[in-house]
Each structure stands twice: as C-alpha cells, then as structure tokens.
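The values are calculated or read from the model by the stated rules, or taken from the named source; none is laboratory data. Everything numeric in this text was worked out from a predicted model, so none of it was measured. Here the Cβ positions follow ideal geometry from the backbone for every residue, glycine too, while neighbour counts run over all protein chains shown. Remember, those area values only see protein heavy atoms, side chains included, never the ligands or the DNA or RNA. Shrake-Rupley method; radii C 1.70, N 1.55, O 1.52, S 1.80 Å.
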Amino acid sequence: MDQLKEHLDKGGTIASFTPVIDIEIDTSSNLVHQSVDSTVDSPDWLEMVGAIAGAISPPNPISHWDRLYLAAERGYILSTSEVQALTGAKPRGKEWTRGAFLFVREGKIGAQVAWRVVQKGG
C-alpha cells in the first residue's frame, strides 16, 4: 500500500501502478521465493490469486440455449451479431434453424438483419 500511495502522490494513477515484486529462484532446490516490498505488511499473493480463481465458477456450456429460450419466450428480436454470438454461426436466408430454435428474418436493426427467435416444438 505504501508503494501505491507513493505512486499516487507523484501524480500516477491506479491504472499505471505496477508494484515492485522481488522474486528469488533457488536453483539448488527448484524453489521460488516471492516477496512484495518487505516494508509492506501484505497478504500472500499466491493465496489471494488462488482464492480468486476458486471463486470464479467455470462458464455453463449450455447457457446460450437458456438465453435463446428466454429470447424466444419474451419475443426478443436479435441482430445477426447477437445470434452469431449465441450460436457460434451466422444465420442466413429467410429462416434459419439451429438446434431447437428457428430464427425468422424480421427486417433490420441498424445495418444488420433482425431475427425473431422461435423455439421449435414449443
């Protein structure tokens, strides 16, 4: 924190702040020793990174289908780029099918084609 305060006092910004980290490699035992400015009473950075990584849940591989179901249920009109982001493919033609969904061309949203999402069989 002292490093950050000193950086800000000198006119720096948080975005441009880079803490000084000392890394020592012991080649005889293959150990890496890391410390962040010994005058600062700071948490163990590796534990902090591990805790953050553990708190981040992996993405749901089928969440795009949930979002498409919601779009169909609520009558959302999606742009070509939105459909492509959700399905991984660019829709074409007047009607386009992907999985359990039908995409029906509905005019334009700006410069892009607009698509109404319909759940097939539902």
task: Identify all residues within region 76-99 that are surrounded by fewer than 17 Cβ atoms within 10 Å (Cβ to Cβ), within 26 Å of the chain's Cα centre (by Cα) and of a type outside the set (D, E, K, R); write none if there are none.
output: Y76, I77, S79, S81, Q84, A85, G88, A89, G99
message: Please count how many residues of region 101-122 are in contact with a strand residue (DSSP E or B) (Cβ under 6 Å, 6 or more places away or on another chain) and assigned to a loop (DSSP other than H, G, I, E, B).
response: 1
Inter-residue pairs, beta-carbon under 6 Å, first open to solvent by 100 Å² or more (accessible area, probe 1.4 Å) and in region 10-25, second modelled with pLDDT under 65 and of a type outside the set (D, E, K, R), 6+ apart: I23/Q34; E24/H33; I25/V32
query: Where in region 1-98 are the helices (runs of 4 or more DSSP H), entirely inside, with at least 2 residues that are at pLDDT 90 or above?
result: 63-74, 80-87
- prompt: Restricting attention to region 107-114, does a residue exist that is within 14 Å of W65 (Cβ to Cβ) and without any contact (Cβ under 8 Å) to a residue 24 or more places away in the chain?
  reply: no
